[in-house]
Amino acid sequence: MSIQEVLVSVTVIVIIIAIVGATYITYTNVIRIQLAYNDLTINLNTAQDHLVESIRNANQIVPSYTINGTEYTTDFDTIVIRIPSIDGSNTIINNVYDYQVFFRDPGDATLLRTDLVAGAGSTRTSGVSTIATDLSGLVFNYNSTTPTDVTKVEMIIDTQRTVSAQTLERVGQTTINLRNH
């Protein structure tokens, strides 16, 4: 084998390795991006489902309320709701209410959290929980400037994540009618 044949062989092998390497890098980036889009979609859907169910069951938007030691005020990115309490048979307990708030975590604005205080006899669990991550925007619009008169809430949730130097985003917008108002 001559030196030219060796050089051609080495050049062909280097080109093949470069093509395989570039294909592998591109493939892994595509997979990372797709997995991130899936996570964003799951986060958005989970947040929307939780908010829709809770707000729909509320009988009132509350201007402000202290829940588990923290005072919350309804505004453009926080909503405090009053929900009729239910017992173990999913029967409404007369004149007993659970209070729940949805808000951006002040310590980490990428987290959507809820805090709930259950009324006496309610089967709902009191406490704070995280509903979604990767939050980049949360807006509540109300059909009245007086929280107790609100019967319809529009919510816009924006989730974002940066993967492979690319910013990915999922946005959801939903209008909710308070069913028990």
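The values are calculated or read from the model by the stated rules, or taken from the named source; none is laboratory data. These numbers were taken from a predicted model, which means no experiment stands behind them. Note that we place each Cβ from the backbone using ideal geometry, even for glycine, and neighbour counts take in every protein chain shown. For accessibility, only protein heavy atoms count, side chains too; no ligands or nucleic acids. Shrake-Rupley method; radii C 1.70, N 1.55, O 1.52, S 1.80 Å.
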**OP:** Those residues that are among the hydrophobic types (A, V, I, L, M, F, W, C) and either more than 14 Å from Phe102 (Cβ to Cβ) or open to solvent by 20 Å² or more (accessible area, probe 1.4 Å) (or both), I need them from region 132-144; list them, please.
**Re:** Val139
Original post:
Which ones in region 27-49 are charged (D, E, K, R) and touching a residue at least 40 places away in the same chain (Cβ under 8 Å)?
Top reply: Arg32, Asp39
Original post:
If you go through region 121-144, how many residues are over 20 Å from Asn45 (Cα atoms) and in a strand (DSSP E or B)?
Top reply: 2
**OP:** Using the structure shown, decide if Ile93 is open to solvent by less than 60 Å² (accessible area, probe 1.4 Å), touching a helix residue (DSSP H, G or I) at 6+ places or on another chain (Cβ under 6 Å) and over 23 Å from Val171 (Cα atoms).
**Re:** no
**OP:** Find the residue count for region 120-134, including only residues that are free of Cβ contacts under 8 Å to residues at least 60 places away in the same chain and among the hydrophobic types (A, V, I, L, M, F, W, C).
**Re:** 1
Original post:
Under the condition of being under 23 Å from the mean Cα position of the chain (by Cα) and either among the charged types (D, E, K, R) or surrounded by fewer than 14 Cβ atoms within 10 Å (Cβ to Cβ) (or both), which residue from region 118-129 is farthest from Gly69 (Cα to Cα)?
Top reply: Arg124
**OP:** Look at region 59-74 and say how many of its residues are in contact (Cβ under 8 Å) with a residue 60 or more places away in the chain and either over 21 Å from Glu154 (Cβ atoms) or among the acidic types (Asp, Glu) (or both).
**Re:** 1
**OP:** Write out, first by first residue and then by second, each pair whose Cβ atoms fall under 9 Å of each other, whose residues are 6+ apart or on separate chains, and whose first residue, in region 105-119, is more than 16 Å from Glu53 (Cα to Cα) while the second is open to solvent by 50 Å² or more (accessible area, probe 1.4 Å) and among the aromatic types (Phe, Trp, Tyr).
**Re:** Val117/Tyr65; Gly119/Tyr97
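Filter region 167-181 down to residues that are of a type outside the set (D, E, K, R) and open to solvent by 80 Å² or more (accessible area, probe 1.4 Å) and give me whichever is nearest to the chain's Cα centre (by Cα).
Val171
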Subject >> Every residue from region 147-177 that is touching a residue at least 60 places away in the same chain (Cβ under 8 Å) and farther than 21 Å from Leu111 by Cβ >> reply: Pro147, Thr148, Val150, Ser164, Gln166, Ile176, Asn177
Subject >> Count of residues meeting criterion [open to solvent by 20 Å² or more (accessible area, probe 1.4 Å) and either at pLDDT 95 or above or within 20 Å of the chain's Cα centre (by Cα) (or both)] in region 51-63 >> reply: 5
Original post:
Can we say Val101 is within 30 Å of Asn143 (Cβ to Cβ), open to solvent by less than 80 Å² (accessible area, probe 1.4 Å) and either hydrophobic (A, V, I, L, M, F, W, C) or at pLDDT below 90 (or both)?
Top reply: yes
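Out of Asn29, Asn43, Asn68, I need the residue that is open to solvent by 50 Å² or more (accessible area, probe 1.4 Å), in contact with a strand residue (DSSP E or B) (Cβ under 9 Å, 6 or more places away or on another chain) and not β-branched (Val, Ile, Thr). Which one? Can you show your working first?
Values: Asn29 fails: open to solvent by 50 Å² or more (accessible area, probe 1.4 Å); Asn43 fails: open to solvent by 50 Å² or more (accessible area, probe 1.4 Å).
It is Asn68.
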